[in-house]
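Asker: Quick one: the structure is below, and I'll ask about it shortly.
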Amino acid sequence: MDGKTARISNFQRDSGLWAKPNEWPIDTPDYVFLARVCHALGRAIFGAQWIDPSWSIEEPEEFPDDCNDETSERYEETWERYDRACDEIQAALEQARVDVAQKIVGLCQQGKLVAALRRKAGGKMIEIGWELWNTENCLTRFNHCDMSLHAPFKPRAKRDWWIYISQKSLNQYLAELSNPGTFAITRNPVDVTDESIGCAAPLPGRLWATVLAIMSLWKGPPVGVMAEHRYKTVNDFLKKNGKSEVSRTTIQRALKWIRQNRDCI
């Protein structure tokens, strides 16, 4: 196993933290919470690929109700290729997340990003030096965006400090990028809600829009709602929000995905 693979295995993002940006610790005018910094650099480095779940892959057409066996088999093959492409996208996105975390670690080691800690209960910011990033186990700090101030290199130490990055150093680095994205750091955690998917995989455009519609309408798979009413309600919601209508099959696939990933959204 090479070094990079070993480091990736230690980076397991906490779904409860990363999937709920509205519950992240607050920023200050001078410091930005580490999770928001990840999104800022991700969007600046990878552009639209960091935030667009579809990654420009078109979802295949739905199965016609009256297709023969040969046509049905062709549709099945198309969907299998599509699902494989989605798996490749998920793997690429996970690698991108690791790349961004490693970039932040490197910048902190170089002193280009200045990190600070704040007790989880609250209090003043305490800036930490580059030497506290001079270890092989930094990626574990991104799991919960926390660490121990008094025992920073002990794996089992109590991590009772949130990690922040100074706004000034972050802005300076973003300005140095040759092709920075359009993301502007704000102190409003809701701004990154749709990007923070936790341990669940991003989905192709129409399917992800359907998942969001169902979660917005019912907070999960609706109980006691007839299929036809569900179909109409979802599409009314999508049209109201400027999205295209979806088929009953897409709604079924969205419901299946929600049930499989309910603990991550």
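The values are calculated or read from the model by the stated rules, or taken from the named source; none is laboratory data. Note that the structure is a prediction, hence the values are computed from the model and not measured. As a convention, Cβ positions derive from the backbone with ideal geometry for all residues, glycine included, and neighbour counts pool all protein chains shown.
Asker: Give me the pairs: first residue in segment 139-164 and under 18 Å from TYR31 (Cβ atoms), second residue among the polar types (S, T, N, Q) and not in a loop (DSSP other than H, G, I, E, B), beta-carbon distance under 9 Å, and six or more apart or on different chains, which are they?
Answerer: These pairs meet every condition: MET147/THR140.
Asker: Go through segment 126-173 and report how many residues are modelled with pLDDT of 90 or more, part of a loop (DSSP other than H, G, I, E, B), in contact with a Pro (Cβ under 9 Å, 6 or more places away or on another chain) and farther than 17 Å from VAL32 by Cβ.
Answerer: 1
Asker: Among what's in segment 190-216 and is modelled with pLDDT of 60 or more and farther than 13 Å from TRP257 by Cβ, pick the residue that is surrounded by the fewest Cβ atoms within 10 Å (Cβ to Cβ).
Answerer: Filtering segment 190-216 for residues modelled with pLDDT of 60 or more gives 204-216.
Retained after the next criterion (residues that are farther than 13 Å from TRP257 by Cβ): 205, 216.
Values: GLY205: 18, SER216: 11.
By that ranking, first place goes to SER216.
Asker: Within segment 217-234, is even one residue at pLDDT below 60, outside the structural domain of TYR82 (by TED's automatic domain parsing) and within 24 Å of the chain's Cα centre (by Cα)? Walk me through how you get there before you give the answer.
Answerer: Step one: filter segment 217-234 for residues at pLDDT below 60, giving none.
No; the residues of segment 217-234 include none that is at pLDDT below 60, outside the structural domain of TYR82 (by TED's automatic domain parsing) and within 24 Å of the chain's Cα centre (by Cα).
Asker: Could I ask something else about it? On the given criteria, is LYS239 exposed (fewer than 12 other Cβ atoms within 10 Å of the Cβ) and either over 14 Å from TRP208 (Cα atoms) or touching a Ser or Thr at 6+ places or on another chain (Cβ under 6 Å) (or both)?
Answerer: Details: exposed (fewer than 12 other Cβ atoms within 10 Å of the Cβ): yes; either over 14 Å from TRP208 (Cα atoms) or touching a Ser or Thr at 6+ places or on another chain (Cβ under 6 Å) (or both): yes.
Yes, satisfied.
Let's see how each residue does on (1) within 20 Å of PRO21 (Cα to Cα); (2) of a type in the set (Ser, Thr, Tyr); (3) touching a Leu at 6+ places or on another chain (Cβ under 7 Å):
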site	(1), (2), (3)
ILE104	yes, no, yes
VAL114	no, no, no
ILE126	no, no, yes
GLU136	no, no, no
ILE163	yes, no, yes
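Asker: Also, quick follow-up: Within segment 211-265, can you find the residues that are of a type in the set (Val, Ile, Thr) and not in a loop (DSSP other than H, G, I, E, B)?
Answerer: Our first condition is that a residue be of a type in the set (Val, Ile, Thr); within segment 211-265, this holds for 211, 214, 223, 225, 233-234, 246, 249-251, 258, 265.
Matches in segment 211-265: VAL211, ILE214, THR233, VAL234, THR249, THR250, ILE251, ILE258.
Asker: Hey, could you check segment 29-51 for residues that are assigned to a loop (DSSP other than H, G, I, E, B) and loosely packed, with under 15 Cβ neighbours inside 10 Å and say which is modelled with the lowest pLDDT?
Answerer: Applying the first criterion (assigned to a loop (DSSP other than H, G, I, E, B)) to segment 29-51 yields 29-30, 47.
Now drop any that are not loosely packed, with under 15 Cβ neighbours inside 10 Å, which leaves 29-30.
Values: PRO29: 93, ASP30: 96.
So the residue we want is PRO29.
Asker: Something else now. Of all residues being buried (at least 17 other Cβ atoms within 10 Å of the Cβ) and of a type in the set (D, E, K, R) in segment 144-175, which is nearest to ILE104 (Cα to Cα)? Just the residue, please.
Answerer: It comes out as ASP146.
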